[in-house]
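The values are calculated or read from the model by the stated rules, or taken from the named source; none is laboratory data. Bear in mind that the values here come from a model prediction, so they are computed numbers and not experimental data. In this analysis, Cβ positions are derived from the backbone assuming ideal geometry, glycine residues included, and neighbour counts consider all displayed protein chains.
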Amino acid sequence: MQAYVAQPDGPGNYPGLMLFQEAFGVNGHIRDVAERFAKEGYVVIAPELFHRTAPAGFEGAYNDFPALAVHFQGVTEQGMEADIQACWWWLQSSESVQKDKIACTGYCMGGRVSFLANTILPFKAAISYYGGRIAPDLVKRAAQLHAPMLFCWGGMDKHIPQTQVDAIAAELNKENKPFASIVFSYADHAFFCDARPSYNKEAAAEAWALTLAFLKTKLGL
């Protein structure tokens with residue numbers, strides 16, 4: 001499995017961050033987000049989650065989602081768990097990473113992966129942006145969550161109905177898991193991606209500020 005890595009300038013010991021892609025691969029947008037996190041002082045690894053079905057460096061077109069089906073459908077829970085574990089040990093083996101300060105975040109498909117990752121490894125914080133199919137598929141694993149979670153949703157998102165957002169909150173409350181769930185009523189699905197028509201500059205800026213604050217407080221930075 002290949003992965004994109006972004007690191008702060010200069011030697012040092014930094015917190016680690018797993019960054020999980022949208023359904024379009026580790027493309028220019030995801031690499032840009034990785035660099036943004038690196039500038040904030042994180043060692044970032046963004047794994048290519050389609051590596052079992054797509055060539056290295058694969059990038060899908062935003063206007064041709066059907067072409068991604070074979071890759072999207074090829075991502076299984078078992079495969080995701082293996083990829084998450086691989087990234088975890090890569091971060092653990094890096095001399096630049098503070099081993100006890102590792103977090104994860106993801107967008108769309110990656111938001112789902114971020115939730116899953118938090119159920120299998122001792123992260124200090126986990127973030128999910130409009131993660132599809134957390135409910136009903138993964139929410140049953142809520143009792144296994146290790147770290148506090150931040151969820152960012154678009155109130156205009158037709159892909160993820162409010163009933164799913166509510167179901168996730170209800171299950172985490174039932175299991176007494178710490179989380180924050182933020183709905184931007186004026187934003188659509190994928191509002192954070194500035195390469196897509198649904199990009200919402202205002203919501204993206206606010207979500208970015210929340211993300212940085214959440215990571216800083218939960219990682220004790």
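Given the options VAL44, VAL75, name the one that is under 15 Å from GLN2 (Cβ atoms) and among the aliphatic types (A, V, I, L, M).
Of the residues listed, the single one that is under 15 Å from GLN2 (Cβ atoms) and among the aliphatic types (A, V, I, L, M) is VAL44.
State whether the residues of region 165-180 include one that is within 21 Å of PHE37 (Cβ to Cβ) and loosely packed, with under 14 Cβ neighbours inside 10 Å.
yes
Looking only at region 174-192, which residues are among the hydrophobic types (A, V, I, L, M, F, W, C) and in contact (Cβ under 8 Å) with a residue 60 or more places away in the chain?
ALA190, PHE191, PHE192
Report whether or not ALA117 is surrounded by fewer than 24 Cβ atoms within 10 Å (Cβ to Cβ), closer than 20 Å to TYR4 by Cα, in contact (Cβ under 8 Å) with a residue 24 or more places away in the chain and not charged (D, E, K, R).
Details: surrounded by fewer than 24 Cβ atoms within 10 Å (Cβ to Cβ): no; closer than 20 Å to TYR4 by Cα: yes; in contact (Cβ under 8 Å) with a residue 24 or more places away in the chain: yes; not charged (D, E, K, R): yes.
No, not satisfied.
Within region 182-204, can one find any residue that is touching a Phe, Trp or Tyr at 6+ places or on another chain (Cβ under 7 Å), assigned to a helix (DSSP H, G or I) and either surrounded by fewer than 20 Cβ atoms within 10 Å (Cβ to Cβ) or modelled with pLDDT under 95 (or both)?
Yes - at least one qualifying residue is present in region 182-204.
If you go through region 162-173 one residue at a time, do you hit one that is in a loop (DSSP other than H, G, I, E, B), in contact (Cβ under 8 Å) with a residue 12 or more places away in the chain and of a type outside the set (Val, Ile, Thr)?
We begin by selecting, within region 162-173, every residue in a loop (DSSP other than H, G, I, E, B); these are none.
Within region 162-173, none of the residues are in a loop (DSSP other than H, G, I, E, B), in contact (Cβ under 8 Å) with a residue 12 or more places away in the chain and of a type outside the set (Val, Ile, Thr).
Given ILE120, ILE134, which one is of a type in the set (A, V, I, L, M, F, W, C), under 15 Å from the mean Cα position of the chain (by Cα) and farther than 29 Å from GLU202 by Cβ?
Going through ILE120, ILE134 in turn, the sole match is ILE120.
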